[in-house]
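For reference, the structure is listed below as structure tokens.
The values are calculated or read from the model by the stated rules, or taken from the named source; none is laboratory data. Source: prediction; values computed, not measured. Cβ placement follows ideal geometry from the backbone for every residue including glycine, while neighbour counts extend to all protein chains displayed.
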């Protein structure tokens, strides 16, 4: 099933096929009148929500330190987040800087 979330206004939302844990957190942001600035969805029910004041919630249990990186940076300055295959992810900041965990190639030479 395809997943999508559309933000309506500053914190309202509509979605389809999203994980139940994400639904709860979207409602938490809405109830707290927080302006949602970023919503990211990935395969295996990975997701992250960020508000303009820097509050964030995520269920992206990824190897490669996604949660650790989110704790290190100013979440209110995040422009976008992408989740990829094999626990890869990228966080793009408003400044254009990028934090990422990329696919690790295991190349063998004969």
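Within 24 Å of residue 87 (Cα to Cα) and touching a strand residue (DSSP E or B) at 6+ places or on another chain (Cβ under 8 Å), is that true of residue 54? Break it down into steps so the answer makes sense when it comes.
Values: within 24 Å of residue 87 (Cα to Cα): yes; touching a strand residue (DSSP E or B) at 6+ places or on another chain (Cβ under 8 Å): no.
The answer is no for residue 54.
Scanning the stretch 12-51 for residues that are part of a loop (DSSP other than H, G, I, E, B) and touching a residue at least 40 places away in the same chain (Cβ under 8 Å), which turns out surrounded by the fewest Cβ atoms within 10 Å (Cβ to Cβ)? Write out each step before concluding.
At the first step, the residues of the stretch 12-51 found to be part of a loop (DSSP other than H, G, I, E, B) are 17-19, 32-35, 43-45.
Next, from what is left, pick out any that are touching a residue at least 40 places away in the same chain (Cβ under 8 Å): 19, 43.
On the way: 19: 16, 43: 9.
Among those that are part of a loop (DSSP other than H, G, I, E, B) and touching a residue at least 40 places away in the same chain (Cβ under 8 Å), it is 43.
Can you pull out the residues in the stretch 59-76 that are at pLDDT 90 or above, within 11 Å of residue 91 (Cβ to Cβ) and either surrounded by 17 or more Cβ atoms within 10 Å (Cβ to Cβ) or under 13 Å from the mean Cα position of the chain (by Cα) (or both)?
66, 69, 70, 75
Which residues, taken from the stretch 77-96, are part of a loop (DSSP other than H, G, I, E, B) and either at pLDDT below 95 or under 14 Å from residue 43 (Cβ atoms) (or both)? Explain how you work it out, then say what you get.
Quick first cut of the stretch 77-96, residues part of a loop (DSSP other than H, G, I, E, B) only: 84-88, 94-96.
Answer for the stretch 77-96, where residues must be part of a loop (DSSP other than H, G, I, E, B) and either at pLDDT below 95 or under 14 Å from residue 43 (Cβ atoms) (or both): 84, 85, 86, 87, 88.
Say whether the condition of being touching a helix residue (DSSP H, G or I) at 6+ places or on another chain (Cβ under 6 Å) and outside any strand (DSSP E or B) is met by at least one residue in the stretch 56-64. Can you show your working first?
Filtering the stretch 56-64 for residues touching a helix residue (DSSP H, G or I) at 6+ places or on another chain (Cβ under 6 Å) gives 56-57, 59-60.
Next, from what is left, pick out any that are outside any strand (DSSP E or B): 59-60.
Yes, the stretch 56-64 contains a residue that is touching a helix residue (DSSP H, G or I) at 6+ places or on another chain (Cβ under 6 Å) and outside any strand (DSSP E or B).
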